[in-house]
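Undergrad: One structure coming up, written as structure tokens, with questions to follow.
The values are calculated or read from the model by the stated rules, or taken from the named source; none is laboratory data. Remember, predicted model here, so these are calculated numbers, not experimental data. Here the Cβ positions follow ideal geometry from the backbone for every residue, glycine too, while neighbour counts run over all protein chains shown. Areas reflect the complete protein model, heavy atoms only, side chains present, ligands, DNA and RNA absent. Shrake-Rupley method; radii C 1.70, N 1.55, O 1.52, S 1.80 Å.
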Amino acid sequence: KMSSGAADLRQRKKQTCTESDKMAPEERNKENSKLGRSPKYLLIQRFAKLFFGCLAAVTSGMMYAVYLSTYHERKFWFSSRQELEREITFQGDSAIYYSFYKELLKAPSFERGVYELTHNNKTISLKTINAVQQMTLYPELIASVLYQASGSEEVIEPVYFYIGIVFGLQGIYVTALFVTSWVMSGTWLAGMLTVAWFIINRTDTTRIDYSIPSRENWALPYFACQVAALTGYLKKNLNCSAEKFCYLLVNASTYTFMMMWEYSHYLLFVQAVSLFLLDSFALAQTEKVHEVYRIYLFSLIGGYLLQFENSALLVSPLLSLVVALMLSKSLQMNMKKSTFVSRLLKIMYIYLVLTVAVTLNFLLKMFIPHKENEHLLKFIEVKLGLNTTKNFTMNWLLCQESLQAPSQDFFLRLTQSSLLPFYILVLIICLFSVTQVIFRRICGEPLKETVKLEDGRIGERPEIVYHVIHTILLGCLAMCLEGMKYLWTPYVCMLAAFGVCSPELWMTLFKWLRLKAVHPILLALILSMAVPTIIGFSLWKEFFPRIMTELTELQEFYDPDTVELMTWIKRQAPVAAVFAGSPQLMGVIKLCTGWMVSSLPLYNDDDLLKRNENIYQIYSKRSAEDIYKILTSYKANFLVIEDSICNEVGPVRGCRVKDLLDIANGHVVCEEGDNYAYSKYGRFCHEIKMNYSPYVNYFTRVYWNRSYFVYKINTVISFQS
């Protein structure tokens with residue numbers, strides 16, 4: 001009966017840590033007496049298992065950090081390059097983040113450096129910004145404090161200290177994944193397999209190779225720590241001290257994660273939905289789940305205050321969902337008194353919470369002034385086919401590889417490393433088991449207090465159910481946007497490794513198959529050791545030589561044209577000069593020279609997006625006068641034309657910058673019934689190189705090489721024909 005089952009579940013939830021701690025030794029002593037083991041023997045065995053497991057986890061993280069450092073050195077020849085050549089390796093938004101780290105170190109004091117960043121008017125022309133809030137520069141603040149407080153100025157160069165911290169965080173990332181898989185499976189063999197799959201599929205698990213200072217490389221290690229702590233916190237029969245430790249770690253890592261990445265609350269929203277579904281089917285202790293909701297709430301409030309009253313956190317879907325869940329909690333507990341109402345609630349509870357959350361979010365956005373990224377909502381509309389647009393920024397975003405659907409190569413790589421097949425196997429077994437448990441709960445059958453190996457009910461473990469839901473939700477996002485694979489694939493590695501190393505998963509499968517020829521428990525134990533061992537040896541044989549080749553093979557990254565451009569700017573351009581060009585190049589110019597620029601490669605500010613679109617017009621078919629007016633409106637003194645953009649031959653026609661500009665400006669003839677007139681002007685970036693009027697009236701070429709053409713924007717215009 002459902003009401004008695006719900007009562008039993010509530011009774012278990014009210015059990016205190018003290019009672020749990022008192023019961024656990026008695027149960028263990030009974031089991032040990034049956035097996036003829038003394039408590040001292042068991043203590044030594046557990047200590048040895050914990051010691052060697054922790055040693056393996058820490059060693060894996062350290063080796064991965066060393067591997068990244070070695071690979072980075074081989075790829076860029078970092079130690080043999082001058083400072084300017086090193087800085088050029090930071091591209092796009094990475095260059096901006098590192099430039100502010102440099103400014104903090106150059107400031108006379110930390111307080112003065114923070115003030116200059118929060119009132120920054122030396123980066124973007126005609127614009128004063130709070131760079132700490134707008135670009136989430138808390139990682140750079142922490143790195144600069146550590147560098148100066150540790151007295152590292154005489155020991156290590158700033159760039160090595162900076163990238164060393166990021167590589168160290170990646171080591172923590174891997175260690176956290178190791179621990180998560182270990183906690184779920186009970187064996188650190190699963191952690192070793194997780195790390196192996198993570199490194200082998202590094203192309204799809206991390207962006208560290210392409211963008212070291214990116215916010216996700218600073219933030220995701222803390223999220224991995226939070227997931228590891230949450231996994232332990234959700235476990236049944238956890239002793240009081242371990243539960244408190246996991247709770248505190250969830251608190252600290254959640255708040256830190258939110259401070260490191262501006263999009264962190266969206267990822268936490270996905271996690272909150274997973275916990276909401278877990279609680280809706282009564283598969284976890286409600287009090288524990290709601291404690292996590294409170295952590296979200298406090299983290300959002302703390303983040304709002306420390307991020308200079310960031311209104312985006314107040315209108316985030318995470319806050320609306322958490323408040324809706326807390327409002328619905330009392331209603332849910334009251335309704336559980338009646339069997340009929342309890343069953344009705346199971347059907348209506350999800351609808352109730354979602355309705356309240358959507359309504360609350362709508363009201364918050366109506367009454368709270370916010371600058372949430374409206375272009376993201378427009379992008380989602382166009383991406384889902386709900387709308388069409390000729391807007392340059394929207395179409396440019398749609399053409400980015402990270403915002404496309406994943407390619408077949410992605411799935412092929414995961415299959416070649418055997419990750420995808422085993423993940424699908426583990427996911428199917430867990431899903432079927434969870435479905436059985438949910439059906440039993442609807443029928444009124446209570447959950448078992450302790451799930452034993454011979455029960456074959458892996459779907460009754462709340463931490464397993466959480467990870468199954470979480471990876472499915474992240475997987476759905478990854479199937480829509482390739483950039484989301486960096487959030488999904490690491491947890492695919494973890495879940496697949498847990499599954500093949502877990503005797504409970506194999507026992508669940510054998511229960512369905514009803515094996516009689518071989519003892520199922522013995523076979524499950526054998527397979528949980530044999531299968532990961534075979535996988536490990538096959539991965540070692542196939543991929544270890546490739547990894548060693550990466551570390552021993554000297555690659556060459558050298559961009560002499562960019563080095564020459566930066567050198568010319570530092571030597572010849574006036575200190576007060578403002579440069580205009582593509583946002584990606586402007587980020588590098590800001591880092592390498594310190595000169596002011598007219599735009600930056602940042603996409604969370606509508607004004608900057610409009611600036612980027614306007615300045616990109618230098619690659620469109622518009623008149624010299626139009627371009628001159630645009631550039632002078634931003635007080636630009638120099639214009640940099642990139643030959644790679646002007647003469648771009650992209651793999652996908654229609655996604656080149658000049659194609660997108662022509663569509664937005666109506667300068668092309670498109671098929672499918674839409675007709676556009678040709679422009680009477682030639683492409684500006686081509687015409688300006690011809691050095692004829694009226695272009696020479698507005699612009700004077702002052703420097704050029706194979707890749708870049710620099711023009712001084714004339715202040716006194718000669719209207720000679």
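Undergrad: For the structure I just gave you, tell me whether G499 is modelled with pLDDT under 95, buried (at least 24 other Cβ atoms within 10 Å of the Cβ) and under 26 Å from P406 (Cβ atoms). Talk me through it step by step, then tell me what you get.
TA: Numbers: modelled with pLDDT under 95: yes; buried (at least 24 other Cβ atoms within 10 Å of the Cβ): yes; under 26 Å from P406 (Cβ atoms): yes.
Yes.
Undergrad: Hey, among the residues in the stretch 96-128 that are open to solvent by less than 80 Å² (accessible area, probe 1.4 Å) and of a type in the set (A, V, I, L, M), which one's nearest to K635 (Cα to Cα)?
TA: Within the stretch 96-128, the first condition is being open to solvent by less than 80 Å² (accessible area, probe 1.4 Å), and the residues that meet it are 96-105, 107, 109-110, 113-114, 116-118, 120, 123-125, 127.
From the residues that got through so far, the ones that are of a type in the set (A, V, I, L, M) too are 96, 104-105, 107, 114, 117, 124.
Working: I96: 21, L104: 26, L105: 29, A107: 26, V114: 26, L117: 21, I124: 10 Å.
Going through the qualifying residues, I end up with I124.
Undergrad: For the stretch 249-286, give me each residue that is open to solvent by less than 10 Å² (accessible area, probe 1.4 Å), free of Cβ contacts under 8 Å to residues at least 60 places away in the same chain and hydroxyl-bearing (S, T, Y).
TA: Those that are open to solvent by less than 10 Å² (accessible area, probe 1.4 Å), free of Cβ contacts under 8 Å to residues at least 60 places away in the same chain and hydroxyl-bearing (S, T, Y): S253, T254, S264.
Undergrad: While we're on this one: Is there a residue being open to solvent by 50 Å² or more (accessible area, probe 1.4 Å), among the β-branched types (V, I, T) and either assigned to a helix (DSSP H, G or I) or without any contact (Cβ under 8 Å) to a residue 24 or more places away in the chain (or both) anywhere in the stretch 447-468?
TA: no
Undergrad: Let me ask another. For L412, state whether it is under 22 Å from P532 (Cβ atoms) and either assigned by the TED database to the domain that holds P532 or in a loop (DSSP other than H, G, I, E, B) (or both). Can you show your working first?
TA: Values: under 22 Å from P532 (Cβ atoms): no; either assigned by the TED database to the domain that holds P532 or in a loop (DSSP other than H, G, I, E, B) (or both): yes.
No; evaluated as a whole, the condition is false for this residue.
Undergrad: Among K49, K40, K34, which is the only one that is touching a helix residue (DSSP H, G or I) at 6+ places or on another chain (Cβ under 9 Å), open to solvent by 80 Å² or more (accessible area, probe 1.4 Å) and either over 30 Å from P583 (Cβ atoms) or modelled with pLDDT under 90 (or both)?
TA: K49
Undergrad: Given (1) crowded, with 20+ Cβ neighbours inside 10 Å; (2) free of Cβ contacts under 8 Å to residues at least 60 places away in the same chain, where does L591 come up short, assuming only one miss?
TA: (2)
Undergrad: Hand me the list of helices (runs of 4 or more DSSP H) wholly inside the stretch 178-280 holding 1 or more residues that are farther than 27 Å from V426 by Cβ and under 13 Å from the mean Cα position of the chain (by Cα).
TA: Values: elements: 188-200, 202-205, 215-234, 240-260, 264-280.
Filter on the stretch 178-280 gives 215-234, 240-260, 264-280.
Undergrad: Next question. Restricting attention to the stretch 232-248, which residues are surrounded by fewer than 18 Cβ atoms within 10 Å (Cβ to Cβ) and small (G, A, S)?
TA: S241, A242
Undergrad: Let me ask something else. For the stretch 323-335, indicate whether the set of residues that are more than 16 Å from F276 (Cβ to Cβ), touching an Asp or Glu at 6+ places or on another chain (Cβ under 9 Å) and either at pLDDT below 85 or surrounded by fewer than 19 Cβ atoms within 10 Å (Cβ to Cβ) (or both) is non-empty.
TA: Within the stretch 323-335, none of the residues are more than 16 Å from F276 (Cβ to Cβ), touching an Asp or Glu at 6+ places or on another chain (Cβ under 9 Å) and either at pLDDT below 85 or surrounded by fewer than 19 Cβ atoms within 10 Å (Cβ to Cβ) (or both).
Undergrad: Considering Y160, Y173, which residue is open to solvent by 40 Å² or more (accessible area, probe 1.4 Å) and either assigned to a helix (DSSP H, G or I) or not hydrophobic (A, V, I, L, M, F, W, C) (or both)?
TA: Working: Y173 fails: open to solvent by 40 Å² or more (accessible area, probe 1.4 Å).
After applying the criteria, what remains is Y160.
Undergrad: Sticking with this one: Looking at A573, A524 in this structure, which one is in the same structural domain as W704 (by the TED database) and either farther than 27 Å from G682 by Cβ or of a type outside the set (F, W, Y) (or both)?
TA: Sole residue among the options that is in the same structural domain as W704 (by the TED database) and either farther than 27 Å from G682 by Cβ or of a type outside the set (F, W, Y) (or both): A573.
Undergrad: Determine if the stretch 223-235 includes at least one residue that is in contact with a Pro (Cβ under 7 Å, 6 or more places away or on another chain) and modelled with pLDDT under 95.
TA: yes
Undergrad: Please state which one of F537, F510 is part of a helix (DSSP H, G or I) and out of contact with any Gly (no Cβ under 9 Å at 6 or more places or on another chain). Break it down into steps so the answer makes sense when it comes.
TA: Numbers: F510 fails: out of contact with any Gly (no Cβ under 9 Å at 6 or more places or on another chain).
Exactly one residue qualifies, and that residue is F537.
Undergrad: Return the residues of the stretch 76-91 that are part of a helix (DSSP H, G or I), over 14 Å from I163 (Cα atoms) and either open to solvent by less than 50 Å² (accessible area, probe 1.4 Å) or in the same structural domain as P213 (by the TED database) (or both); say none if nothing qualifies.
TA: Within the stretch 76-91, L84, E85, I88 qualify.
Undergrad: Another question, then. Among the residues of the stretch 201-231, write down those that are of a type in the set (D, E, K, R) and either surrounded by 24 or more Cβ atoms within 10 Å (Cβ to Cβ) or within 20 Å of P601 (Cβ to Cβ) (or both). Spell out the reasoning first.
TA: So in the stretch 201-231, the residues of a type in the set (D, E, K, R) come out as 202, 204, 207, 209, 215-216.
Once the filter is applied, which keeps residues that are of a type in the set (D, E, K, R) and either surrounded by 24 or more Cβ atoms within 10 Å (Cβ to Cβ) or within 20 Å of P601 (Cβ to Cβ) (or both), the stretch 201-231 yields D204, R207, D209, R215, E216.
Undergrad: Which ones in the stretch 129-141 are surrounded by 20 or more Cβ atoms within 10 Å (Cβ to Cβ) and assigned to a loop (DSSP other than H, G, I, E, B)?
TA: Of everything in the stretch 129-141, those that are surrounded by 20 or more Cβ atoms within 10 Å (Cβ to Cβ) and assigned to a loop (DSSP other than H, G, I, E, B) turn out to be M135, T136, L137.
Undergrad: Which residue pairs have Cβ atoms under 8 Å apart, sit 6 or more places apart or on different chains, and have a first residue in the stretch 44-57 that is within 16 Å of G191 (Cβ to Cβ) and in contact (Cβ under 8 Å) with a residue 24 or more places away in the chain and a second that is open to solvent by 100 Å² or more (accessible area, probe 1.4 Å) and outside any helix (DSSP H, G or I)?
TA: none
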